Amino acid sequence: MGVPITFLDKYNPDQFEIIGMAKRGAGDPALKSKVYTKEDYPNYSDLNATPVIIQPDGKPKNTYPRILIRRKQV
């Protein structure tokens with residue numbers, strides 16, 4: 001799950017593990033679910049720089065960088 005950086009104030013290592021960062025130049029590129037190309041959108045480089053959300057009209061929009069976390073199994 002991608003959470004805002006403010007999550008770190010509430011981070012409980014017994015409950016969650018941090019698995020990466022969704023931001024250009026940070027973390028594991030294999031965690032990216034889609035790589036946009038010039039054929040997809042004219043601003044493909046911007047879309048590849050940070051996390052993207054799909055708006056109700058179907059167009060992608062950049063959002064703030066996110067910390068990727070996973071809930072630990074009990």
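The values are calculated or read from the model by the stated rules, or taken from the named source; none is laboratory data. Quick caveat: nothing in here was measured; it's all calculated off a predicted structure. So basically every Cβ, Gly included, is an ideal-geometry build from the backbone, and we count neighbours across all protein chains shown.
Below is a table of values for the structure above.
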read-out	value
Restricting region 41-50 to residues that are within 25 Å of Met1 (Cβ to Cβ) and of a type outside the set (Ser, Thr, Tyr), the residue that is surrounded by the most Cβ atoms within 10 Å (Cβ to Cβ)	Leu47
Unmet criterion (only one of (1) in contact with an Asp or Glu (Cβ under 9 Å, 6 or more places away or on another chain); (2) among the hydrophobic types (A, V, I, L, M, F, W, C); (3) at pLDDT below 80) for Leu47	(3)
Any pair with Cβ under 7 angstrom, 6 or more apart, that starts in region 30-59 at a residue that is in contact (Cβ under 8 Å) with a residue 40 or more places away in the chain and ends at one that is assigned to a loop (DSSP other than H, G, I, E, B)	Pro51/Thr63; Pro51/Pro65
The lone exception for Val35 - which of (1) surrounded by 10 or more Cβ atoms within 10 Å (Cβ to Cβ); (2) among the hydrophobic types (A, V, I, L, M, F, W, C); (3) at pLDDT below 90; (4) outside any loop (DSSP other than H, G, I, E, B) it fails	(4)
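Yes/no matrix, rows are residues, columns are (1) surrounded by 11 or more Cβ atoms within 10 Å (Cβ to Cβ); (2) out of contact with any strand residue (DSSP E or B) (no Cβ under 7 Å at 6 or more places or on another chain); (3) at pLDDT below 90:
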residue: Arg24; (1), (2), (3): yes, yes, yes
residue: Val52; (1), (2), (3): yes, no, yes
residue: Gly58; (1), (2), (3): no, yes, yes
residue: Thr63; (1), (2), (3): yes, no, yes
residue: Arg71; (1), (2), (3): no, no, no
residue: Val74; (1), (2), (3): no, yes, yes
